[in-house]
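Peer 1: Once you've had a glance at the structure underneath, I'll fire off some questions.
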Amino acid sequence: MPRLRLFGLVAAVCANASSLAIAQQASIPTPESSLGFAVGADFKLATYDESIAYFQKLAVASNRIRLVDVGKTSTGHPWTLAIISSPENLAKLDRLKQIAQRLAHPTGLTDAEARRLATEGRMFVDISGGLHASEIAGSQHTIQLAYDILAHPDDAKIKAILENDVLFLWPSINPDGQNIVVNWYRENVGTPYEVSPLHEVYQKYIGHDNNRDAYMLNVVESRVVARTWREWEPQIIYVQHQTAPFPTRIWLPPFAEPIAPRVPALMSRQVNTIGMTIAQALESNGQVGATHMGTGFDSWYPGYIDYMPMLQNINAYWTETALYRYATPHFYTIGDFPADMRDLRPQSLYPSPWPGGWWRLKDAVDYMRTASMATLDYAAKYREELLYNRYQAGRNAIKRYAAEPPYAYVIPQTQRDPGTAAELLRRLAFNGVRVGQLDRDVSLGGALHRRGSWVIPMDQEFAELVRQLFEVQEYPDLREYPEGPPEQPYDAAGWTLPFQMDVNVVEVRSPLSADARAAIKAVRGKPTDVHASADAPFTTDSIAAGIVTPAGSITGSGDRLAVDPTQNDAFRLIGQALAAGGAVSKAPGAKGQGARYVVSGVPMSRLEGWARDLSLRAERVSSRSASVPAARLRIALFKPWTASMDEGWTEWLLDRYGLSYTVIAPVDVQSGDLASRFDVILMASDSPRSIMNGYSAGTVPARYSGGVGDAGTRALDAFVQGGGTLVCLNESADFAITALNLPVKNVVSGVARKDFFASGSILEVITDPAHPLMAGMPERAKVFVDDSPVFRTTEGFEGAALAKYAPSGSPRLSGYLLGDKYLHDNAAALDVKHGRGHVVLIGFRPQWRGQPFGTFRVVLNAALFSRGMAKGAAGTPGFWSAPAPPKSR
């Protein structure tokens, strides 16, 4: 072909490509054309469905975006992820995924091979908003961000981003919540209730706790996100939030002290750099008011979905942009500022103080757009370095734990509750941790471990995640000022999972022999549905599904089946039996142990089938074994109007074990005659004010204002006096003590934080397993406390102590405790006789975020503590040895 003709052909092709690009750019629909309003407009918000409708139009108009169906939410709502990059990158997405996977899992990879892969690979950047749905700007900014990129592909910065990055953009990482919030706002905008708070949590069960379920993966949404991340292995995960410390306009990393000690330093340095890069971009745009570090957002707790990936060698972080409420604008004056911020003095990490004025949804959206674009720009500029560092962090973890302890963790199959051990391991496996199983007896660390024991070798890339979750936390003693009160952790101070779940985990402190390594076989199994409901077994990927609870056993003879509440899944069987029309009664256990549950009214073949499926230890017994008549239970769960996460977690727990219940609101309590409808009423950990008063009149629509009030208090008192059981968890115990005038005192109420502090930590208590409410509990139990009451009985007390603190020493097992003298010889849980009924006071968080499997049975026992079950309830004689209260003169 003549050279002139070839040049002409190339020129024509280039001209056509350029024309196509210009035509496509012109065809990109604006958000306003789809939504009917501009993103960030005053008083206007887009629902998740409206957002997805717009993204679908983008996918039709542009060859730089793909929409992926990642699954469904807890309510069954379809869930979409957008993948945005250049057409060339999208065409080779499978190859780029292979590279991301290989760098994330570097066993056997050399440095030179990793360098070549880093050169070939592209940065996978995961950006989302709307996790905390009422922080609404996040889910609105994703709409505008997609348009900004797709409508301007020839802009030099965006072109570099499209060529070097693959953006995984979640239109919302909480679709249900976005719809709940937007519909609530639309219902109230233009009325006196325009900025009213929600009366319900904005994600099924857990609401605001949805970013704190990263390692437990208790809800569907957490599993969908984790599965997506394990499929693609992004190198950056950025979640937009909206609670900046006032009057700053956006908080950015670096995080405040303390940080999680097992996070690789390389990841911390990179996230700190990204935070500063965002701040610089904001300043360049004239967007003032960015701050960092010492403003309350520490990263000690590893359970954040937007921080735990750091322990998987991913740059993961969140930011907090300023929020008024929803899409309503607000004007701030200097007089609104804290006194020490009114001089607008530049500070080292707050050099451009915000002077006040109007703050609109659009302002928040624009700050988020700048932050997201700065992140993408940074990723594009430092692509090869960031990709190589993902490999390097994993390589370093493998090398470290090949050379130093712990070399492995062993989880024997012989446990008090083998099913819970399996639950622990499934969660780790789902998060990418490799779990093996011994195919023969073998010596590890000088101890003989039996065939079938599970083993986590620590020379693997996500080893730091395992260690962070398994080791004891020693929260640093940080004070607000010398000799002053401790600085409050932003979240939990201690979470040691083997303690919370009451699983025996053995740390191996010496290197694994060749024989030991040969005995460890990888666990595999058949995948099941990630969207399994709360009451279904937790399995999905092949590793998690292969972790199987050892088979149980069924002994004895008779027409009823006795199950041991030491095994949490015994309550699943009880729930199944009750749902099938059966009944449950109690029978005495072995000496010094609490009651067993005896299930009847269901054919034995079905009971045995359930027991085998649940791997339970069970015994066939005759009707003479039951000490009280069989009963069908009527359980109520109180739900205040002040959206309660702990109430949601209690629903999650009851649903998990299949115990039927009725949710009751303040008006249901006020209506009285509770005994005709219920046997047991549960109150989750809510403040006395929320229970008693709720939202003030005029702050929310009238149907959602108020609490139980005096009428409800009288109704609850009559319910208990008549023989009912009221169960109060943690904070709600203070409500019951005051409202029902119980002869109990919370000895830490009103104690200054400089004298007593035990927030978010694990303590040891001594329980009375002979009492039905403590059935299945070990004598020395580990409980999670969080702003928890400590009980001492006063004159007139009748009942029993269920759990108490030792008379001396520190009960702290993990976290932080100041002022252990306030705990000595006092009770952590009480069964208070009140008339013919019972008030059960639990001074800890037995179902906190679905983590403390070791204390789930405390709630479940209490839910079954009906009139019949409670009859003649008594603990071990002499268990309550606290000094008797002085008699009044």
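Peer 1: So, for the chain, what is the accessible surface per residue at a probe of 1.4 Å, expressed in square angstrom?
Peer 2: 37 Å²
Peer 1: By average Cβ neighbour count within 10 Å, what is the ranking of 853-860, 112-119, 370-377 from highest down?
Peer 2: So the peptides 853-860, 112-119, 370-377, ranked by packing, come out 853-860, 370-377, 112-119.
Peer 1: If you don't mind, another one. For the stretch 756-873, what is the number of Lys pairs with C-alpha distance below 21 angstrom, counting only pairs 8 or more positions apart or on separate chains?
Peer 2: Here the count comes out as 5.
Peer 1: Further, regarding this structure: If amide hydrogens are placed 1.01 Å from N in the peptide plane, which non-local residues have theirs closer than 5 Å to the one on LEU323?
Peer 2: When sequence neighbours closer than 5 places are left aside, the close amide H contacts are ALA244.
Peer 1: Would you kindly derive the ³J(HN,Hα) couplings of the stretch 155-170 from the backbone phi angles with the Karplus curve 6.51 cos²θ - 1.76 cosθ + 1.60 (θ = phi - 60°), listing them in order in whole Hz, with x for Gly and Pro?
Peer 2: Taking θ as phi minus 60°, the curve returns 4, 4, 5, 5, 4, 5, 5, 5, 6, 9, 10, 10, 8, 9, 10, 7 Hz for the stretch 155-170.
Peer 1: So how strong a dipole does the stretch 115-193 carry about its Cα centre when Lys and Arg Cβ are +1 and Asp and Glu Cβ are -1, to the nearest 20 debye?
Peer 2: 200 debye
Peer 1: How big is the C-alpha Rg of the stretch 696-765 next to the rule-of-thumb value 2.2 N^0.38 Å, as a ratio?
Peer 2: Taking the Cα Rg and dividing by 2.2 N^0.38 Å, one obtains 1.46.
Peer 1: Given R₀ = 51 Å, FRET efficiency for ILE554-ALA156 by Cβ-Cβ distance, to 0.05?
Peer 2: 0.10
Peer 1: Now for a separate question. For the pair GLU113 and LYS821, how long in nm is the line joining their label points, each one 7 Å along Cα→Cβ?
Peer 2: 6.3 nm
Peer 1: Another question about this same structure. Given points 7 Å out from each Cα along the Cα-Cβ axis, report the ASN741 to ASP439 separation in nanometres with one decimal.
Peer 2: Distance between label points: 7.2 nm.
Peer 1: Still on this model: How fast does the stretch 215-282 diffuse by Stokes-Einstein, in µm²/s, taking the Kirkwood radius from C-alpha pairs at 4 °C and 1.567 mPa s?
Peer 2: Here the translational diffusion coefficient equals 90 µm²/s.
Peer 1: Also, quick follow-up: Counting only residues 5 or more places away or on other chains, whose amide H sits under 5 Å from the amide H of GLY546 once H atoms are built in the peptide plane?
Peer 2: GLY525
Peer 1: For the stretch 496-506, what does the Karplus curve 6.51 cos²θ - 1.76 cosθ + 1.60, with θ = phi - 60°, yield as ³J(HN,Hα) per residue in whole Hz, taken in order and with x for Gly and Pro?
Peer 2: Calculated HN-Hα couplings, in order: 2, 5, x, 5, 4, 8, 6, 10, 7, 10, 9 Hz.
Peer 1: Can you work out the Karplus-derived ³J(HN,Hα) for every residue in the stretch 87-96? Use 6.51 cos²θ - 1.76 cosθ + 1.60 with θ = phi - 60°, whole Hz, and x for glycine or proline.
Peer 2: Going residue by residue, I get x, 5, 5, 5, 5, 10, 4, 4, 5, 5 Hz, with x marking Gly and Pro.
Peer 1: Here's another thing I want to ask about it. When every alpha-carbon pair in the chain is counted, what percent end up more than 36 Å apart?
Peer 2: Everything past 36 Å amounts to 52 percent.
Peer 1: Roughly how many percent of the accessible protein surface of the stretch 333-427 is carbon and sulfur, given a 1.4 Å probe and a whole-percent answer?
Peer 2: Exposed carbon and sulfur together represent 51 percent of the surface.
Peer 1: Now, a different point. Under the rule a/c < 1.5 gives rounded, and otherwise a/b versus b/c splits prolate from oblate, where does the stretch 312-391 land using the Cα gyration tensor?
Peer 2: prolate
Peer 1: When the accessible area of the stretch 18-143 is computed with all protein chains present and a 1.4 Å probe, what percentage of it is carbon and sulfur?
Peer 2: 53 percent
Peer 1: Near LYS159, which lysines are there with a Cα under 28 Å away, not counting those fewer than 8 places off in the same chain?
Peer 2: LYS57, LYS92, LYS97, LYS362, LYS381
Peer 1: Ok, one more. Compute log10 of I(q)/I(0) for the stretch 424-507 with the Debye formula, placing one identical point scatterer on every Cα and leaving out solvent, at q = 0.18 Å⁻¹, to two decimals.
Peer 2: The Debye formula, applied to the Cα set alone, gives -0.88.
Peer 1: Going by average Cβ neighbours within 10 Å, how do the peptides 663-675, 834-846, 549-561, 156-168 rank, with the highest at the top?
Peer 2: Put in order of decreasing packing, that is 834-846, 156-168, 663-675, 549-561.
Peer 1: Also: Going by average Cβ density within 10 Å per residue, which order do the peptides 434-445, 344-355, 713-724 take, highest to lowest?
Peer 2: With the highest mean Cβ count within 10 Å placed first, the list reads 713-724, 434-445, 344-355.
Peer 1: Which percent of the accessible heavy-atom area of the stretch 614-715 goes to carbon and sulfur, probe 1.4 angstrom?
Peer 2: C and S fraction of accessible area: 49 percent.
Peer 1: Quick check: with the 1.4 Å probe, what order do ARG606, ARG416 take by accessible area, largest first?
Peer 2: Order by accessible area, largest first: ARG606, ARG416.
Peer 1: While we're on this one: Evaluated at 37 °C with a viscosity of 0.692 mPa s, what Stokes-Einstein diffusion coefficient in µm²/s does the stretch 243-332 have when Rh comes from the Kirkwood expression over alpha-carbon pairs?
Peer 2: It diffuses with D of about 237 µm²/s by this estimate.
The values are calculated or read from the model by the stated rules, or taken from the named source; none is laboratory data. Predicted, not measured: the structure shown is a model, and the values here were computed from it. Note: ideal-geometry Cβ built from the backbone for every residue, glycine included; neighbour counts use all protein chains shown. These accessible areas exclude ligands, DNA and RNA; they are computed on the full protein's heavy atoms, side chains included. Shrake-Rupley method; radii C 1.70, N 1.55, O 1.52, S 1.80 Å.
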